[in-house]
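*Asks:* Sending over a structure as structure tokens; questions will come in a sec.
The values are calculated or read from the model by the stated rules, or taken from the named source; none is laboratory data. No experiment lies behind these values; they were computed from the predicted model shown. Here the Cβ is made from the backbone with ideal geometry for all residues, glycine too, and neighbour counts use every protein chain on show. For the accessible areas, the whole protein counts, side chains as well, though only heavy atoms, and no ligand, DNA or RNA atoms are used. Shrake-Rupley method; radii C 1.70, N 1.55, O 1.52, S 1.80 Å.
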Amino acid sequence: MKPIIKGIDSLSSIAGKISGYLIIPLTLVMIYTIIMRRIFSNSPDWGFEVSIFIFGISILLAGADVLRLKGHVAVDIIYAHLSERWGRIMYTFSLLIIIVVCSFLLFKGMEVAVESTRILEHSSHQSSFNPQIWWFKWFIPIGGLLLWLQAWAEIYKVWREGEQE
Amino acid sequence: ACQPYQTIAEGEQRVYEWRMVTHQIPGTARYEGTIREFAKAVEEISNGRLIIEPFGADILFPTNESFDMVKNGVVEIAAVYTGFWTGKDPVFALGGGTIPGDPINGFEEHFYRSDQLKPIIDEAYEKHGIQNLGAFDYAPEEVLISRVPIRSIEDFRGKNIRAAGVASLYYSKLGASAISLSAPEIYTGLQLGTVEAAEFNDYLVNGEMGLDEVTKYVIEPALHVGPSTDKELIVNPNAWEELPEDLKAALYVARDKIRYESAIAYGVENQKAKQEWMENPDIEFIQLPEEDVEKMREEAFELLNNYKTKSEASKEYVEEYAKVLADLGYLEEAKILGYED
Amino acid sequence: MMWFFEYAPIAMFVLLLVLLFLGIPIAFSLGAVGVFFALIMWGIDSTALLPSAVWGVMNNFTLIAIPLFILMSVLLEKTNIISEVFDSVYKWSGGFRGGLAIAAIIVGAIIGSISGVVAAGVIGLGLIALPQMMKYKYNENLSLGSIMGGGTLGQIIPPNLNMVVYGAITGVSVSSLFAGGLSAGFLLIFFFIVYILIQAYRKKDAAPALAKEDRASFKEKVTSLKSITLPIILIIIVIGSIFTGVATPTEGAAVGVLGTVLIGFGTKRLNWNKTQEAIKESTKMTGMVGWILIGAATFSAVFSGVGGNQLVSDLAQAAPGGRWGVLVFSLLFIILLGMFLETMALIMLAAPIITPIIVEAGFDPLWWAVLFMVVLQMAFLTPPFGFAIFYLKSAVGDKVAINKIYRATLPFIAIQLLVAITLIIFPILAVWLPNLLNN
Ligand code: NA
Ligand code: NA
């Protein structure tokens, strides 16, 4: 079991790193767009959509690592009033809720992505760039899957490693 | 209040409850005057057997998701501009009659065109499992407003122009930079010089947004789009099949009522609004020279001819549109698009 | 079963509160309630609303400002600029009664105007200003309160994330909203300072002046001003690029990141290691916010679908007192939600419901947006879920009991309410700056 949990942890962590470093190209693309528009009156037609892609991927990839780092804000006043055992049970319940939500995200997101891929969907923003966006939709189920896996890993940790908030 | 028990005989008085989405915002003329009126008309005509509950822009889901949501039945009906689903098929960029270089005038010509081209759009929707009920309400031609004078086709080069949809393709083709500003940023964008010019809507709607306050020039004619349809009606096919024939007819009757009323309301109100803009001493109307307009129309039609290669449906659409132009007496323009008598 | 459908909107809120109280992360409490109600009301196909909510968040250009403003504020923290600014402000004000508390407010405003993140303001002040006030035996209630009042100013003073999200949802111009926030921010600062002075001069020991020997010399005061130049440059770069139209509000965030990096590296306050740390920390916050937006979008889609918007709207119309009744109802609605919800989720939920009602009642959308933001700042302080309270608690650890922090919020909640009322009586105080900008 251990190597699987380690694997999930590092998968989330890698996704989180990618998500983080994407901010560098995001900043550069936006600055480049401003400069080209203001100084050269020739803003790139891809600036708008590329920024959207980077942002969207970044949000979806970050979710699982945020869970691993216990960064999803919760109002955890209840834990102060619970015994350790009940604390674990409550935290597990929390994670099960995440798993349920992410199952829908995974399966419904997959349906959406498959349909989009079938018709090789293009952007609906209608810039002259007009990129294909079906691949971008795949980040919905991917984001769901990463979180789903990480939530299971966290449940394992709660009961087997004594790790708990 | 819902009735807990079905007291009426089976199959006789079933009440159908539909949810409807649109890209317009509650409180605006384009919502109150069409969406609400439509729901009311349907309820009256059907004697309360078809109840439509409308939802404004982005309230249930992002507008460009309406396509998939009608398809999978989350909502039964939508009245949305087809340009939101150009990603599904390029023909939808033109589907609402938003055609660059369009020479036609007024709502009678526009609705004639819509009905002639409807079978093509029907088929495009059908391919994705959606039932099309055709053009819903009328949108007068849009305007191009500017902070700087644009007096010739050359003046477009290097300008930053706020544009969306086909218009952004068109202005890019003229050598401008098409900038995607969201609607609420257009005012400050023009004010602060983020963009030099902008297309958004007609005189009436632009005026409602206060854009006349930040406009110094109106460039006529605005060739990026002619008169068009603000929204097209689409329906979930299962919901449609379930309806008895008389309720299907009720939807068409209510649609036609909206077509007629919007044509009067927006067509005329837009004319009145234009008068106000023209009387505004801070706004100069620039008429582009005839030969430049000709050139610009050619550029636009080149863009349109390109659509023939984009998909089977868009090819058919442009060809059929050329026929419509010929029908309406725009023979020269029709020929540029490949029409032969 | 019929009754259930009638009361679905209320049931949604009840279930949401239960999940929140059970400590389920906010993002997933919202998402789970949304999915659950979609499923039982409309069947499995309608759960497609979930990926559609995600898609909406992924494709919203305005929201791109979020990761950028967050990164900017974390980077800034790494440069140590904040503690130097406090140092300078407190050298100037330490000689007066209440000086340290006023310094907390002013520094809160400065942090607020270079970053869009409230957590940064409250935690920063909690770590830097609180120990000073403790040292000089300031009244604890006043100290904790000024930190939360000052630390949450970033919520109203531009740039800020909440305004970005509000603009993205309601269609109010973000640049105009920024300008309105600046006007309202001045008003809040003024009221906070007046309150602190009243407290300090009414009770001799509430907020004593520094002892003579602890006061900075004039020369020290002047040299300390050096530390303010960097933040001022940053403020000018970010706000300037937006208010002059060089950049849209979203792009202004990117300008801010670049500006912070250039200044940080230029003055050797930043290096690659610190930048990496900053990216790591900000990703955690961005991911958290992004998923709250996703959850809130799902919840509010289903909530409006089951008639929640209609219900709220009907209740507002039924309020006595015509348009003013509608206004009071709307404010109470937000204040009530603010007691339980995180602000980003609150905007996603309440703004699309309330704003059309208010506009229909004939109120100016921009003025309302500013008022909304002031009330939203209260949400950071109002019990039981006041996020400024939690941020401050996380900064002070076991040194201060949480019930003391709760109590300290009360006068500041009252001041915020007073400012909201002032803005209602004198609307011009909210919109004079945007009007100026647009003329
Ligand atoms: Na701020
Ligand atoms: Na609160």
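*Asks:* Of all the residues that make up segment C:387-409, how many are of a type outside the set (Lys, Arg), out of contact with any Pro (no Cβ under 8 Å at 6 or more places or on another chain), touching a residue at least 60 places away in the same chain (Cβ under 8 Å) and more than 16 Å from ligand 1 (Cβ to nearest atom)? Give the steps one after another, and end with the answer.
*Replies:* So in segment C:387-409, the residues of a type outside the set (Lys, Arg) come out as C:387-392, C:394-398, C:400-403, C:405-406, C:408-409.
If we keep only those that are out of contact with any Pro (no Cβ under 8 Å at 6 or more places or on another chain) too, we end up with C:387-388, C:390-392, C:394-398, C:400-403, C:405, C:408.
Restricting the remaining residues to those that are touching a residue at least 60 places away in the same chain (Cβ under 8 Å) gives C:387-388, C:391-392, C:394-396, C:400, C:405, C:408.
Filter again for more than 16 Å from ligand 1 (Cβ to nearest atom), leaving C:392, C:394-396, C:400, C:405, C:408.
Qualifying residue count for the region: 7.
*Asks:* Considering (1) within 16 Å of ligand 2 (Cβ to nearest atom); (2) away from every other protein chain (no Cβ under 14 Å), say which one C:TYR136 fails and leave the rest.
*Replies:* (1)
*Asks:* Going through segment B:34-79 one residue at a time, which ones are on the phi < 0 side of the Ramachandran plot, at the interface with another protein chain (Cβ under 10 Å from one of its Cβ atoms) and either assigned to a helix (DSSP H, G or I) or among the charged types (D, E, K, R) (or both)? Break it down into steps so the answer makes sense when it comes.
*Replies:* The first filter runs over segment B:34-79 and keeps only residues on the phi < 0 side of the Ramachandran plot, leaving B:34-46, B:49-57, B:59-72, B:74-79.
Pick out the ones that are also at the interface with another protein chain (Cβ under 10 Å from one of its Cβ atoms) and you get B:53, B:55-57, B:59-69, B:71-72, B:74-75.
B:GLU53, B:THR63, B:ASN64, B:GLU65, B:SER66, B:PHE67, B:ASP68, B:MET69, B:LYS71, listed by residue number.
*Asks:* When you scan segment B:41-82, how many residues do you find that are over 22 Å from C:VAL306 (Cβ atoms) and more than 17 Å from the chain's Cα centre (by Cα)?
*Replies:* Result for segment B:41-82: 6.
*Asks:* With A:SER12, A:SER51 as the choices, which residue is open to solvent by less than 20 Å² (accessible area, probe 1.4 Å), at the interface with another protein chain (Cβ under 8 Å from one of its Cβ atoms) and either at pLDDT 95 or above or in contact with a helix residue (DSSP H, G or I) (Cβ under 9 Å, 6 or more places away or on another chain) (or both)? Walk me through it before giving the result.
*Replies:* On the way: A:SER12 fails: at the interface with another protein chain (Cβ under 8 Å from one of its Cβ atoms).
A:SER51 is the lone residue from the list that is open to solvent by less than 20 Å² (accessible area, probe 1.4 Å), at the interface with another protein chain (Cβ under 8 Å from one of its Cβ atoms) and either at pLDDT 95 or above or in contact with a helix residue (DSSP H, G or I) (Cβ under 9 Å, 6 or more places away or on another chain) (or both).
*Asks:* Ok, one more. If you check C:THR343 against the conditions, is it of a type outside the set (A, V, I, L, M, F, W, C) and more than 15 Å from ligand 2 (Cβ to nearest atom)?
*Replies:* Working: of a type outside the set (A, V, I, L, M, F, W, C): yes; more than 15 Å from ligand 2 (Cβ to nearest atom): no.
It is false that C:THR343 is of a type outside the set (A, V, I, L, M, F, W, C) and more than 15 Å from ligand 2 (Cβ to nearest atom).
*Asks:* Return yes when C:PHE380 is at pLDDT below 90 and either of a type in the set (A, V, I, L, M, F, W, C) or surrounded by fewer than 20 Cβ atoms within 10 Å (Cβ to Cβ) (or both) and no when it is not.
*Replies:* Values: at pLDDT below 90: no; either of a type in the set (A, V, I, L, M, F, W, C) or surrounded by fewer than 20 Cβ atoms within 10 Å (Cβ to Cβ) (or both): yes.
No, not satisfied.
*Asks:* May I ask you to list pairs of residues, at least six apart or on different chains, whose Cβ atoms are under 8 Å apart, with the first in segment C:92-112 being away from chain A (no Cβ under 14 Å) and the second being assigned to a loop (DSSP other than H, G, I, E, B) and within 16 Å of ligand 2 (Cβ to nearest atom)?
*Replies:* Between residues of segment C:92-112 that are away from chain A (no Cβ under 14 Å) and residues that are assigned to a loop (DSSP other than H, G, I, E, B) and within 16 Å of ligand 2 (Cβ to nearest atom), the close pairs are C:GLY112/C:ILE156.
*Asks:* So, in segment A:86-120, of the ones that are within 30 Å of B:TYR171 (Cβ to Cβ) and surrounded by fewer than 21 Cβ atoms within 10 Å (Cβ to Cβ), which residue ends up farthest from the other protein chains (Cβ to nearest Cβ)? Can you show your working first?
*Replies:* Of the residues in segment A:86-120, the ones within 30 Å of B:TYR171 (Cβ to Cβ) are A:116, A:119-120.
Narrowing the set further to residues that are surrounded by fewer than 21 Cβ atoms within 10 Å (Cβ to Cβ) leaves A:119-120.
Numbers: A:ILE119: 6, A:LEU120: 9 Å.
Of everything passing the filter in segment A:86-120, A:LEU120 is farthest from the other protein chains (Cβ to nearest Cβ).
*Asks:* Among the residues of segment C:368-392, write down those that are within 14 Å of another protein chain (Cβ to nearest Cβ), within 14 Å of ligand 2 (Cβ to nearest atom) and part of a helix (DSSP H, G or I).
*Replies:* At the first step, the residues of segment C:368-392 found to be within 14 Å of another protein chain (Cβ to nearest Cβ) are C:368-369, C:379-380, C:382-391.
In the following step, the residues that additionally are within 14 Å of ligand 2 (Cβ to nearest atom) were identified as C:379-380, C:382-391.
Within segment C:368-392, C:ALA379, C:PHE387, C:ALA388, C:ILE389, C:PHE390, C:TYR391 meet the criteria.
*Asks:* Then there's this: On the basis of being under 25 Å from C:MET133 (Cβ atoms) and either polar (S, T, N, Q) or within 11 Å of ligand 2 (Cβ to nearest atom) (or both), does C:THR422 make the cut?
*Replies:* Numbers: under 25 Å from C:MET133 (Cβ atoms): no; either polar (S, T, N, Q) or within 11 Å of ligand 2 (Cβ to nearest atom) (or both): yes.
No, not satisfied.
*Asks:* Kindly list, by first and then second residue, each pair from a residue in segment C:356-367 that is more than 9 Å from every other protein chain (Cβ to nearest Cβ) to a residue that is surrounded by fewer than 20 Cβ atoms within 10 Å (Cβ to Cβ) and not in a helix (DSSP H, G or I), limited to pairs with Cβ atoms under 8 Å and residues at least 6 apart or on different chains.
*Replies:* Taking only residues 6 or more apart or on different chains, the pairs are C:ASP364/C:PRO427; C:TRP367/C:PRO427.
*Asks:* So for segment A:69-78 (the condition being more than 10 Å from every other protein chain (Cβ to nearest Cβ) and modelled with pLDDT of 90 or more), does at least one residue qualify? Before the answer, list the steps.
*Replies:* So in segment A:69-78, the residues more than 10 Å from every other protein chain (Cβ to nearest Cβ) come out as none.
Taking every residue of segment A:69-78 in turn, none turns out to be more than 10 Å from every other protein chain (Cβ to nearest Cβ) and modelled with pLDDT of 90 or more.
*Asks:* Something else now. Any residue at all in segment C:177-187 that's within 16 Å of ligand 1 (Cβ to nearest atom), within 14 Å of another protein chain (Cβ to nearest Cβ) and not small (Gly, Ala, Ser)?
*Replies:* Within segment C:177-187, the subset within 16 Å of ligand 1 (Cβ to nearest atom) is C:177-187.
Those left that are additionally within 14 Å of another protein chain (Cβ to nearest Cβ): C:177-180.
Imposing the further condition that a residue be not small (Gly, Ala, Ser) reduces the set to C:177-178.
There is at least one residue in segment C:177-187 that is within 16 Å of ligand 1 (Cβ to nearest atom), within 14 Å of another protein chain (Cβ to nearest Cβ) and not small (Gly, Ala, Ser).
*Asks:* Here's another thing I want to ask about it. Quick one: in segment C:24-45, which of the residues that are more than 7 Å from chain A (Cβ to nearest Cβ) and without any contact (Cβ under 8 Å) to a residue 24 or more places away in the chain is farthest from B:TRP18 (Cα to Cα)?
*Replies:* Checked segment C:24-45; the qualifying residue farthest from B:TRP18 (Cα to Cα) is C:PHE36.
*Asks:* Under the condition of being within 14 Å of another protein chain (Cβ to nearest Cβ) and crowded, with 18+ Cβ neighbours inside 10 Å, which residue from segment C:227-244 is nearest to C:PRO67 (Cα to Cα)?
*Replies:* First, the residues of segment C:227-244 that are within 14 Å of another protein chain (Cβ to nearest Cβ): C:237-244.
Remaining after also requiring crowded, with 18+ Cβ neighbours inside 10 Å: C:237-239, C:241-243.
Details: C:ILE237: 18, C:VAL238: 15, C:ILE239: 17, C:SER241: 18, C:ILE242: 17, C:PHE243: 21 Å.
Ranking the candidates gives C:VAL238 first.
*Asks:* Taking the stated definitions as given, is B:TYR217 more than 19 Å from A:ILE39 (Cβ to Cβ) and free of Cβ contacts under 8 Å to residues at least 40 places away in the same chain?
*Replies:* Numbers: more than 19 Å from A:ILE39 (Cβ to Cβ): yes; free of Cβ contacts under 8 Å to residues at least 40 places away in the same chain: no.
No; evaluated as a whole, the condition is false for this residue.
*Asks:* Sort through C:THR229, C:THR275, C:THR244, C:THR223 and tell me the only one that's touching a residue at least 12 places away in the same chain (Cβ under 8 Å) and among the polar types (S, T, N, Q). Lay out the reasoning, then the answer.
*Replies:* Details: C:THR229 fails: touching a residue at least 12 places away in the same chain (Cβ under 8 Å); C:THR244 fails: touching a residue at least 12 places away in the same chain (Cβ under 8 Å); C:THR223 fails: touching a residue at least 12 places away in the same chain (Cβ under 8 Å).
Just a single option satisfies the conditions, and that option is C:THR275.
*Asks:* If the requirement is being part of a helix (DSSP H, G or I), of a type outside the set (S, T, N, Q) and within 16 Å of ligand 1 (Cβ to nearest atom), which of these qualifies: C:ILE413, C:ILE347? Before the answer, list the steps.
*Replies:* Working: C:ILE413 fails: within 16 Å of ligand 1 (Cβ to nearest atom).
So the residue among C:ILE413, C:ILE347 that is part of a helix (DSSP H, G or I), of a type outside the set (S, T, N, Q) and within 16 Å of ligand 1 (Cβ to nearest atom) is C:ILE347.
*Asks:* Could you say which residue among C:GLY145, C:GLY150 is within 16 Å of ligand 2 (Cβ to nearest atom) and open to solvent by less than 10 Å² (accessible area, probe 1.4 Å)?
*Replies:* So the residue among C:GLY145, C:GLY150 that is within 16 Å of ligand 2 (Cβ to nearest atom) and open to solvent by less than 10 Å² (accessible area, probe 1.4 Å) is C:GLY145.
*Asks:* Quick check on my filter: what residues within segment C:110-125 are more than 9 Å from ligand 1 (Cβ to nearest atom) and either within 19 Å of C:THR286 (Cα to Cα) or open to solvent by 10 Å² or more (accessible area, probe 1.4 Å) (or both)? Show your work before the answer.
*Replies:* Narrowing segment C:110-125 to residues more than 9 Å from ligand 1 (Cβ to nearest atom): C:110, C:119-120, C:122-125.
Across segment C:110-125, the qualifying residues are C:ILE110, C:ALA119, C:ALA120, C:VAL122, C:ILE123, C:GLY124.
*Asks:* I've got another one for you. Could you check segment B:119-173 for strands (runs of 3 or more DSSP E) lying wholly inside it with 3 or more residues that are surrounded by fewer than 24 Cβ atoms within 10 Å (Cβ to Cβ)? Explain how you work it out, then say what you get.
*Replies:* Details: elements: B:131-139, B:144-146, B:160-162.
The qualifying strands (runs of 3 or more DSSP E) are B:131-139.
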